[in-house]
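Presented below is the structure to which this report refers.
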Amino acid sequence: MDGNGRWATQRGLPRVEGHRMGIRSVRAVVECARELGISHLTLYAFSSENWGRPEIEVLTLMGLLRDFLFKELPELSRQRIRLNVIGEIERLPAYVREAIRHTMSATAENTEMTLSLALSYAGRNELVRAARRAAEDAVAGRISAADITEASFAARLDTAGMPDPDLVIRTSGEIRISNFLLWQAAYAEFVFTEVLWPDFGKAEFLQALDEYSRRRRRFGLTSEQALQPDIPR
Ligand code: FPP
């Protein structure tokens, strides 16, 4: 969800106003994904690197997150959307952790869609934490080295139980992965758009999905193999 700061600066506003406007885009995209029957939507809302931003910006983002979680709870419940969070949650302030705990437990039984927020998240850090868990299990004798497989490693990631993303969208003209879902995005399609996040709405989301639908995904196979429905992937 990139480009909030630039959106605000272009209008002579403080950067935090861009984040405020970014919430509108969050609502539009969540609503659209739910209408379309998308089962999982993950939003990169705050990276581990974002802790280094000016204090006022970090505090504003934390406040926006807390308000979003409390304000959107009735709508998430109405739409049967489950809230999930990935990242180092323990680094977040107590008032955000409490909002997460409250909204996650209130939506735990919802099955129509899972909305995951990546908060204090960094892909490399997630991989290291998963490796550490596997090492701890090995040292304690609970598993052997041979038990560490792609599947068992994935089960130690924050995204355990979630499908890998089919599509990753990045706004604001940045053409980088920036530490997002490094393991999980191995076969994802990418759509990069110049649109700044506060200007990204339903029409832009549908356009990205349309672009995705025209991609031919081969998962390392030949075009002919990839067309066969019974090829394991
Ligand atoms: C990146 O744009 C955006 C962020 C660091 C924060 C994204 C947060 C929101 C959209 C609001 C809160 C989110 C939720 C889910 C309630 P940038 O500030 O780096 O923009 P720039 O590259 O133009 O400076």
*Keeping to the range 221-233, report how many residues are at pLDDT below 85, open to solvent by less than 100 Å² (accessible area, probe 1.4 Å) and either touching a Pro at 6+ places or on another chain (Cβ under 7 Å) or not polar (S, T, N, Q) (or both).*
2
*Which residues, counting only those in the range 214-233, are of a type in the set (A, V, I, L, M, F, W, C) and part of a helix (DSSP H, G or I)?*
226
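Which residues, taken from the range 142-161, are of a type in the set (Ser, Thr, Tyr), out of contact with any strand residue (DSSP E or B) (no Cβ under 8 Å at 6 or more places or on another chain) and open to solvent by less than 40 Å² (accessible area, probe 1.4 Å)?
Answer for the range 142-161, where residues must be of a type in the set (Ser, Thr, Tyr), out of contact with any strand residue (DSSP E or B) (no Cβ under 8 Å at 6 or more places or on another chain) and open to solvent by less than 40 Å² (accessible area, probe 1.4 Å): just 152.
Among the residues that make up the range 52-61, is at least one of them over 14 Å from residue 196 (Cβ atoms) and in contact with a strand residue (DSSP E or B) (Cβ under 9 Å, 6 or more places away or on another chain)? Explain how you work it out, then say what you get.
The initial filter retains those residues of the range 52-61 that are over 14 Å from residue 196 (Cβ atoms), namely 52-61.
Still in the running and in contact with a strand residue (DSSP E or B) (Cβ under 9 Å, 6 or more places away or on another chain): 58, 61.
Among the residues of the range 52-61, at least one is over 14 Å from residue 196 (Cβ atoms) and in contact with a strand residue (DSSP E or B) (Cβ under 9 Å, 6 or more places away or on another chain), which makes the answer yes.
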*Give the residues of the range 46-97 that are surrounded by 13 or more Cβ atoms within 10 Å (Cβ to Cβ) and part of a loop (DSSP other than H, G, I, E, B), sorted by residue number.*
53, 79, 80, 87, 88, 92, 93
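Confirm whether residue 109 is under 22 Å from residue 163 (Cα atoms), among the charged types (D, E, K, R) and surrounded by fewer than 16 Cβ atoms within 10 Å (Cβ to Cβ).
yes
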*Take the range 46-58 and flag every residue that is within 8 Å of the ligand (Cβ to nearest atom) and under 13 Å from residue 88 (Cα atoms).*
46, 47, 50
*Residue among 6, 24 that alone is touching a residue at least 24 places away in the same chain (Cβ under 8 Å), within 12 Å of the ligand (Cβ to nearest atom) and surrounded by fewer than 16 Cβ atoms within 10 Å (Cβ to Cβ)*: 24
*Inside the range 27-45, can you point out the residues that are under 21 Å from residue 180 (Cβ atoms), more than 9 Å from the ligand (Cβ to nearest atom) and not in a helix (DSSP H, G or I)?*
38, 39, 40, 41, 42
_Condition (residue is touching a helix residue (DSSP H, G or I) at 6+ places or on another chain (Cβ under 8 Å), within 15 Å of residue 20 (Cβ to Cβ) and modelled with pLDDT of 95 or more) applied to the range 79-92: is it met by at least one residue?_
no
*Output the number of the condition that residue 29 fails; it satisfies all remaining conditions of (1) within 16 Å of residue 86 (Cα to Cα); (2) surrounded by 19 or more Cβ atoms within 10 Å (Cβ to Cβ).*
(1)
*Out of all the residues in the range 109-116, is one or more within 16 Å of the ligand (Cβ to nearest atom) and either among the small types (Gly, Ala, Ser) or over 26 Å from residue 61 (Cα atoms) (or both)?*
yes
*Just wondering, is there one or more residues in the range 190-199 that are under 14 Å from the mean Cα position of the chain (by Cα), within 18 Å of residue 45 (Cα to Cα) and touching a residue at least 60 places away in the same chain (Cβ under 8 Å)?*
no
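The values are calculated or read from the model by the stated rules, or taken from the named source; none is laboratory data. These figures come from a predicted structure and were not determined experimentally. Here Cβ is always computed from backbone atoms with ideal geometry, including for glycine, and neighbour counts include all displayed protein chains. For accessibility, only protein heavy atoms count, side chains too; no ligands or nucleic acids. Shrake-Rupley method; radii C 1.70, N 1.55, O 1.52, S 1.80 Å.
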